[in-house]
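What follows is a single structure, written as structure tokens, with notes after it.
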Amino acid sequence: MSELASRSQLRMSFIRWALFTVPLLMVLGWLSGQIAGSSDTNAWYQALRQPAAQPPGYVFGIVWPTLYFLQGLALAMVLNARSARLRWTAVGMFALQFLANMVWSPLFFGMHQVSSAFFLILLILLLAIGATLLFGRIRPLAAWLMVPYLAWLCFAAILNFQIDRLNPDAETLYAPAARTQI
């Protein structure tokens, strides 16, 4: 036997990684959104003037879980590449961009820091491009799985920028609570 691991053993290792990374990223992404109140029912967000390119709220509920799923698969592929020289560098870059991504929703929706959120999303995009390039050197398919995320980040940055321009007072905008508590 000349192989260290058979194809089926390697496939099972990838599946184990994917069963860890995909749910982890999806739960963390969902948690970040829940903590921040990032939905179209957010009173502050509803009070903002929206750009013409703003998709309906339900689109975000479809896109983000899909993107987290694809990122989870890409991360699992890289983690499964045990002998790859840049494996931990790529994982570290991915972790940095993911952590920054988890901060964006609380910054934008929770703290109403629209301008700061725009600069943060530019940083996320740069880190995600770096992670994608590193993933490509390890597993080209992992890099391709990151491409929809990069495209969405570009679109989200444009939306963030437009919201900032349409709402120069967004940081100080007060939106009353949806209900009164007695």
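The values are calculated or read from the model by the stated rules, or taken from the named source; none is laboratory data. Owing to the predicted nature of the structure, the values given are computational and were not obtained by experimental measurement. No Cβ is skipped: glycine too gets one built from the backbone with ideal geometry, and neighbour counts run over all protein chains shown. Surface areas here come from the heavy atoms of the whole protein model, side chains and all, with no ligands, DNA or RNA. Shrake-Rupley method; radii C 1.70, N 1.55, O 1.52, S 1.80 Å.
Got a sec? Which of Ala90, Ala95, Ala100 is surrounded by 20 or more Cβ atoms within 10 Å (Cβ to Cβ) and modelled with pLDDT of 95 or more?
Ala90
Rundown of residues vs (1) touching a Pro at 6+ places or on another chain (Cβ under 7 Å); (2) assigned to a loop (DSSP other than H, G, I, E, B); (3) within 18 Å of Asp164 (Cα to Cα); (4) touching a residue at least 40 places away in the same chain (Cβ under 8 Å), yes/no style:
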{"position": "Met12", "(1), (2), (3), (4)": "no, no, no, no"}
{"position": "Leu19", "(1), (2), (3), (4)": "no, no, no, no"}
{"position": "Val22", "(1), (2), (3), (4)": "no, no, no, yes"}
{"position": "Trp30", "(1), (2), (3), (4)": "no, no, no, no"}
{"position": "Gln34", "(1), (2), (3), (4)": "no, no, no, no"}
{"position": "Gln50", "(1), (2), (3), (4)": "no, yes, yes, yes"}
{"position": "Ala53", "(1), (2), (3), (4)": "no, yes, yes, yes"}
{"position": "Tyr58", "(1), (2), (3), (4)": "no, no, no, no"}
{"position": "Gly61", "(1), (2), (3), (4)": "no, no, no, no"}
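Does segment 85-93 contain at least one residue that is in a helix (DSSP H, G or I), farther than 29 Å from Ala52 by Cβ and touching a residue at least 60 places away in the same chain (Cβ under 8 Å)?
Looking for residues that are in a helix (DSSP H, G or I), farther than 29 Å from Ala52 by Cβ and touching a residue at least 60 places away in the same chain (Cβ under 8 Å), one finds none in segment 85-93, hence no.
List pairs: first in segment 128-144 and more than 8 Å from Ala74 (Cα to Cα) and touching a residue at least 12 places away in the same chain (Cβ under 8 Å), second among the hydroxyl-bearing types (Ser, Thr, Tyr) and part of a helix (DSSP H, G or I), Cβ under 7 Å, 6+ apart or cross-chain?
Ala128/Tyr149; Leu134/Thr89
Mind listing whichever residues of segment 10-44 are modelled with pLDDT under 85, open to solvent by 100 Å² or more (accessible area, probe 1.4 Å) and over 15 Å from Gly110 (Cβ atoms)?
Within segment 10-44, Arg11 is the sole residue that qualifies.
Does at least one position in segment 152-174 carry a residue that is assigned to a helix (DSSP H, G or I), hydroxyl-bearing (Ser, Thr, Tyr) and out of contact with any Cys (no Cβ under 7 Å at 6 or more places or on another chain)?
no
Please verify whether Val59 is within 16 Å of Leu159 (Cα to Cα) and β-branched (Val, Ile, Thr), treating the condition exactly as stated.
Yes.
Tally up the residues in segment 45-75 that are of a type in the set (A, V, I, L, M, F, W, C) and either surrounded by fewer than 16 Cβ atoms within 10 Å (Cβ to Cβ) or touching a strand residue (DSSP E or B) at 6+ places or on another chain (Cβ under 6 Å) (or both), please.
Residues meeting the conditions: 5.
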